[in-house]
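Have a look at the structure below before the remarks.
The values are calculated or read from the model by the stated rules, or taken from the named source; none is laboratory data. Keep in mind that this is a model prediction, so the values were computed, not measured. Neighbour counts are summed over all protein chains in view; Cβ atoms, including those assigned to glycine, are modelled from backbone coordinates with ideal geometry. Only protein heavy atoms, including side chains, enter the accessible area calculation; ligands, DNA and RNA are left aside. Shrake-Rupley method; radii C 1.70, N 1.55, O 1.52, S 1.80 Å.
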Protein chains: 4
Amino acid sequence: MRKLRAPFFEIGPKNYIFGKDVLKLAETAEKAALEFDVDILFTAPFLDLRAVADQSERLFVLAPHMDVLTPGRGITKILPESVKAAGAAGVMLNHAEHPVDYRTLKAAVERAKELELLTVICADSVAEAKAVAELHPTVIIAEPSELIGTGKTSDMNYIRESTETIRQVDPDILVLQAAGVRTVEDVYRNIAAGADATGTTSGVVCADNPHKTLTDMIRTVREAFDKRTQ
Amino acid sequence: MRKLRAPFFEIGPKNYIFGKDVLKLAETAEKAALEFDVDILFTAPFLDLRAVADQSERLFVLAPHMDVLTPGRGITKILPESVKAAGAAGVMLNHAEHPVDYRTLKAAVERAKELELLTVICADSVAEAKAVAELHPTVIIAEPSELIGTGKTSDMNYIRESTETIRQVDPDILVLQAAGVRTVEDVYRNIAAGADATGTTSGVVCADNPHKTLTDMIRTVREAFDKRTQ
Amino acid sequence: MRKLRAPFFEIGPKNYIFGKDVLKLAETAEKAALEFDVDILFTAPFLDLRAVADQSERLFVLAPHMDVLTPGRGITKILPESVKAAGAAGVMLNHAEHPVDYRTLKAAVERAKELELLTVICADSVAEAKAVAELHPTVIIAEPSELIGTGKTSDMNYIRESTETIRQVDPDILVLQAAGVRTVEDVYRNIAAGADATGTTSGVVCADNPHKTLTDMIRTVREAFDKRTQ
Amino acid sequence: MRKLRAPFFEIGPKNYIFGKDVLKLAETAEKAALEFDVDILFTAPFLDLRAVADQSERLFVLAPHMDVLTPGRGITKILPESVKAAGAAGVMLNHAEHPVDYRTLKAAVERAKELELLTVICADSVAEAKAVAELHPTVIIAEPSELIGTGKTSDMNYIRESTETIRQVDPDILVLQAAGVRTVEDVYRNIAAGADATGTTSGVVCADNPHKTLTDMIRTVREAFDKRTQ
């Protein structure tokens, strides 16, 4: 698998859309990824994940969660091997809508590493960002829970402090700053502030034209990153 | 969609196998369904469900659970619309490994009916079989929890009492007697005792030759049913 | 222990108040129980339960839940033996704020009966009232979840249908009609409609004068019942 | 409230005993605390907590958990104000039998501090010990989950590494080393290794003579500490 590189963008439609609409959104993400040379984490609903992976060359498809178990019982659990076999490149863990306790999180990261799945862990406070950095995931999504879906962005203090804290623990962890991204300006601001990546759900799926918005945001990631790193 | 008819058989590999092995098992089930004219409920892991549905003409593919929500947030929830869009014919609810409270179960059945998904509810005791019969699902799987995976079958009293109780509440509900099915003899016995269907997980996936065992069990369903209804 | 008799009244302060305020409310309930010869179910917060039981002669003190376990591990679980030893007369189960699946509910009722604890099960729909009646609890609280705390009362159809349904399954089960009770008129109406009991949380704890309101409601239970049964 | 000082000992009977037996065990702990001048954290079952607090002068009584809520609904939740009002000195959080996600843990610590409750957080791995140290609780109980109740003690590497890691983050946090303590030798070893405290459940409640064992362990805490700090 290719190595995930900055700058990148995370888009996950949660359950706002399903079936064909997810596949179309993934197609748009794929095109923009190629056009602007920006890596994309596409967090797919469980039931659409394999189809997204099958049609995509360039996307890093993520499962939104996985459970800690090995093959056997657990009829409704998400088996890590099943995530891998479906074509996922990685797994998101500890989303604000599905937080997991630290022991389980640690065990899930270990299972993911065994299976060579990328690990993308969500963190809320700076304290939590530091705590999950100790697990050395591929990516940390730093996002104050109280801002998710509100259109209110993280303030610059939070962005700088959480990014620095993570890098002090492990400079190899990629940092995605996410909360409240609604516009291309929000995207620009997060990348300009030093994040490796940004992302959104509602900023795209609730936009008047989700496909155009997604493309514009991905273009902006590239522009902001190039400007910053010139 | 075709109407589900007796006799039928339920096979769900839980998380014992994943990916291609699930697809192969579904293929075997499909062939046997056609050869012996037996309907099959195939309960697929979430990540394999769509691929199973795509390759199958004859199987009734079930999701092992779904949540009660409408499109929107809930990144790790199983959206009913997503189950339908993936090609499922129905949904299993209240499995012993994922029991749900009665209010949620009632709401899930209502959502399934809106989406024209078959509802297959698991029940443990005779009291529970009666309780869930009041929700008028398509199928009730009567299976004393303490026997699941043990190879110990339900006794005749339980089979008769639970079947009769369900039919008294609603004669249109199909009754599947399941617990501890390991051999073709167990299959024969359950159908002979008056059940519309039987099924197993471990009886197939832990068998020396799962594909042959599955085929033999499906053939036996037909034989036992024909004998009983001559 | 005395046998619980109609008419009775259930009051549980949930977590609206704590410590001494719970003890004072229990004192008021005790006085009114004696004055109007009305039995009272007092559902006490876990941490206040024993103190309420210690100071009360007449109240039937209930735990708001208990878990299904026997002595051993489970540091945060509510052990049935512990409920009994603290002086509770019974246990409430399946409250809308803590629903339990049917298997667990059945097992909890069995544990309660072993320990000679009264069982008070909450039900939402008429279908659920019928389902839990099969477990033969001492009391069923019939209360459409969507009305709890709203001040909107159950309609007469629901009250009649749920009461009759429960009595058809088991005429020994006492029926408490509860939803949205805010005023003495609501209390009167529920008892007049044939319920054995009624009750409230927010109708008392959010009233301008909770103690006077509680006393008035208990007096009204007696008056409505005497009128109905003259 | 008195300040908790090293050396101290934590004993919590979980649900192994209930009612009067809990009160007797607390009495024994109280006597030993006075005799050997050792502080005791006594983690009481919810239903016995207030009675333990009422009879004890010297014990630091802990609730085994509390929820993050303010007065209102939540009939089965453990309200922080209720814990305080019942006489608890503090609260245990994140026990292996009731782990909580990091956001909830952080919020619970904040609520506890508002109410001047001691915070005693359990941690499993060294990574988790470091993570929870960032929340600056009063005490961290370092205990590899897989050893709880086994009688197998933590190895010296774990004890040293977890203790040092916590002290590097915040030297004011007291460190309790706990896993698998069964004998007075285990107690001695943990204190000698530099822990501020140790503790056990099964080592006491499953002993032939729990009261004598508890007293002996508390005496040993004093002896080991005096020896180490001479």
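Things to note:
- Residue B:156 accessible area, assembled protein chains, probe 1.4 Å, Å²: 50
- Principal axis dimensions, segment D:53-124 - Cα atoms, whole angstrom, descending: 34, 33, 21
- For B:45-57, mean number of other protein chain Cβ atoms within 10 Å: 5
- Evaluating kT/(6 pi eta Rh) at 4 °C and 1.567 mPa s, with the Kirkwood radius of segment B:4-62 over Cα pairs in the Stokes-Einstein relation, gives 116 µm² s⁻¹.
- Taking segment C:23-127 as the region of interest, the number of lysine pairs whose Cα atoms are within less than 26 Å, with members eight or more places apart or on different chains, is 6.
- Counting, for every residue in A:121-129, the Cβ atoms of other protein chains within 10 Å of its Cβ and taking the mean gives 4.
- Peptides ranked, highest mean first, by Cβ atoms within 10 Å: ranges B:46-55, C:103-112, A:164-173: B:46-55, C:103-112, A:164-173
- Directionally averaged projected area (convex hull, Cα atoms, segment D:1-145), nm²: 8.5
- Copy-to-copy label separations for residue B:161, where each label sits 7 Å from Cα toward Cβ, in nm and ascending: 3.1, 5.5, 6.3
- In segment C:61-179, the DSSP beta bridges split such that about 0 percent are antiparallel, to the nearest 5.
- Three principal axis lengths of the protein assembly as shown [C-alpha, angstrom, descending]: 76, 71, 54
- For residue A:193, label point 7 Å along C-beta direction: distances to other copies, nm: 4.3, 5.3, 6.3
- Per-selection Kirkwood Rh - segment D:92-194 (Cα, Å, 1 d.p.): 13.7
- Shielding by partners, peptide B:196-206 (average Cβ within 10 angstrom, other chains): 1
- The solvent-accessible area of residue A:206, taken with every protein chain present and a 1.4 Å probe, is close to 80 Å².
- Distance from the axis that maps chain B onto chain A is least for the Cβ of the chain B residue given, with the whole Å value, as B:46, 2.
- When the charge dipole of segment C:94-228 is built from unit charges on Cβ atoms (+1 for Lys and Arg, -1 for Asp and Glu) and taken about the Cα centre, the candidate among C:224, C:204, C:158 whose Cα reaches farthest toward its positive end is C:224.
- Whichever aspartates and glutamates have a C-alpha closer than 15 Å to that of residue C:3, once near sequence neighbours (fewer than 8 apart) are set aside: C:37, C:39, C:57, C:116, C:172, C:196
- Here the spin labels are modelled as points 7 Å beyond Cα on the Cα-Cβ line, and at residue C:110 and residue B:136 they lie 3.2 nm apart.
- A versus D: buried accessible surface, summed, Å² (probe 1.4 Å, to nearest 100): 1500
- Chain D: relative contact order as a whole-number percent, Cα under 8 Å and 6+ apart: 19
- Accessible area per residue for segment D:89-224 is 35 Å², calculated with a 1.4 Å probe on protein heavy atoms, without ligands, DNA or RNA.
- Applying 1/(1 + (r/R0)^6) with R0 = 41 Å to the Cβ-Cβ distance of residue C:228 and residue D:24 gives a FRET efficiency near 0.25.
- When the solvent-accessible area of chain B is split by element, carbon and sulfur atoms take up 48 percent of it, the probe being 1.4 Å.
- Dipole check for the protein assembly as shown: with +1 at the C-beta of Lys and Arg, -1 at the C-beta of Asp and Glu, and the Cα centre as origin, the magnitude is about 0 Debye.
- For segment A:211-230, the residues whose backbone nitrogen is under 20 Å from a point 7 Å from the Cα of residue A:185, taken along Cα to Cβ, are A:212-225, A:227-228.
- Dipole magnitude for segment D:1-40: computed about the Cα centre from +1 point charges on Lys and Arg Cβ and -1 point charges on Asp and Glu Cβ, it is near 140 debye.
- Segment D:178-193 and segment C:23-49: distance between their alpha carbon centers, rounded to Å: 47
- Position residue B:20, label points 7 Å along Cα→Cβ, spacing to each other copy in nm (shortest first, one decimal): 3.2, 6.8, 7.3
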